[in-house]
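The values are calculated or read from the model by the stated rules, or taken from the named source; none is laboratory data. Note that this is a predicted model, so its numbers are computed, not measured. A quick note on method: Cβ atoms are made from the backbone with ideal geometry, for glycine too, and the neighbour counts reach across all protein chains shown.
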Amino acid sequence: MKLAIYDKGGGNFRDTAREAAQAIFERHELPTFDPTIAGAVDDLRKFSHVVCHLTSDRTDPSWLKLVEGDLIGVKVIIRVSSQGAGGMSDSFKTPHRLNGSGPWILHLLERSSDVSVDLWKRIFIALHKWQAEMGELSNEVAAIFDPRPDIRLAFCLLREAKAFCDDLASKPCPTSGITIHSPMTLIDWLEPFKNKETTELKQLAELIVSEDRTKASDDVKKAILSSGDLESAVRNYLKIEPVSSQSLSHANPT
């Protein structure tokens, strides 16, 4: 196992991550890695495990160039962003193997600069124990990089209910006899996100972008990255009209 930690700049996590890695890995597992910007992507391919902060376009050092090239010896790639999950909406998915059989791709949900030494240690301990080449995601890794699959399921169910009911608040299902209720307000959509660490509206917005990487979610993505009017962007995406009696001040991102 050989680990590379690379920050193109602005991520402010490299020293913290390396401190944690030095406490977990043997010296030969954590060689010195400080490439030029132009050579970073090619040099990253020489490692079995990679933590990287790369550009979203084709400007070196580019995420696209990394995942489109030869990754035969790479087992795990952890992508991070100074913006957290919202800054990686071009690639953000739940943990998966690239092209079905390539290296595992993991996205760090938190802003890279907010990740503590202790959390990095937890990440590296999970990586060290995990036999990624076996093709199964370990429980320890899933707990970090896909902590709430139930939220994603709830989001999918809400979308299916909305599609089934169309513009109606509810509609009977002819095959089962049950009545399907559609989410009609933003409060309905935020229900699965209550009592979580991040703001409910921010989580919903990031989930929209990660599940729907089309032009329909572009305004939501822009609002996340620019700290713009996130509520309006989400309402427009979900086609929900504001209701004056509803207060969502508690859900606005800080």
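Residue count for region 57-87 satisfying the condition of being more than 23 Å from residue 100 (Cβ to Cβ) and in contact with a strand residue (DSSP E or B) (Cβ under 8 Å, 6 or more places away or on another chain): 4. Looking across 151, 224, one residue alone is of a type outside the set (Asp, Glu), touching a Pro at 6+ places or on another chain (Cβ under 7 Å) and surrounded by 13 or more Cβ atoms within 10 Å (Cβ to Cβ). It is 151.
On the stretch given as region 178-199, residues that are modelled with pLDDT under 90 and either touching a Lys or Arg at 6+ places or on another chain (Cβ under 6 Å) or of a type in the set (D, E, K, R) (or both) total 4. Total residues in region 171-217 satisfying the condition of being over 23 Å from residue 91 (Cβ atoms), crowded, with 20+ Cβ neighbours inside 10 Å and touching a residue at least 60 places away in the same chain (Cβ under 8 Å): the figure is 1. Identify all residues within region 109-143 that are of a type in the set (S, T, N, Q), within 24 Å of residue 202 (Cα to Cα) and surrounded by fewer than 18 Cβ atoms within 10 Å (Cβ to Cβ); write none if there are none. Answer for region 109-143, where residues must be of a type in the set (S, T, N, Q), within 24 Å of residue 202 (Cα to Cα) and surrounded by fewer than 18 Cβ atoms within 10 Å (Cβ to Cβ): 113, 116. Is at least one residue of region 82-105 touching a Gly at 6+ places or on another chain (Cβ under 7 Å) and under 20 Å from residue 7 (Cα atoms)? Yes, that holds for at least one residue. Could you tell me whether residue 106 is surrounded by 17 or more Cβ atoms within 10 Å (Cβ to Cβ) and in contact with a strand residue (DSSP E or B) (Cβ under 6 Å, 6 or more places away or on another chain)? Against the criterion (surrounded by 17 or more Cβ atoms within 10 Å (Cβ to Cβ) and in contact with a strand residue (DSSP E or B) (Cβ under 6 Å, 6 or more places away or on another chain)), residue 106 qualifies. Assess whether residue 138 counts as being without any contact (Cβ under 8 Å) to a residue 24 or more places away in the chain and more than 12 Å from the chain's Cα centre (by Cα). Yes; evaluated as a whole, the condition is true for this residue.
When region 174-199 is filtered for residues that are of a type in the set (A, V, I, L, M) and in a helix (DSSP H, G or I), the ones remaining, listed by number, are 186, 187, 190. Evaluation of residue 21 against the conditions (1) part of a helix (DSSP H, G or I); (2) exposed (fewer than 12 other Cβ atoms within 10 Å of the Cβ) shows that the sole unmet condition is (2).
Residues of region 1-32 being over 25 Å from the mean Cα position of the chain (by Cα) and without any contact (Cβ under 8 Å) to a residue 40 or more places away in the chain, which ones? Residues satisfying the conditions are 22, 26, 27, 28, 29, 30, 31, 32. Counting residues in region 44-58 that are in contact (Cβ under 8 Å) with a residue 40 or more places away in the chain, surrounded by fewer than 18 Cβ atoms within 10 Å (Cβ to Cβ) and in contact with a Gly (Cβ under 6 Å, 6 or more places away or on another chain) gives zero. Taken together, the residues in region 10-29 that are within 23 Å of residue 109 (Cβ to Cβ) and of a type in the set (D, E, K, R) amount to 4.
Of 202, 171, 222, 162, all but one fail to be modelled with pLDDT of 80 or more and either assigned to a strand (DSSP E or B) or assigned by TED's automatic domain parsing to the domain that holds residue 104 (or both); the exception is 171.
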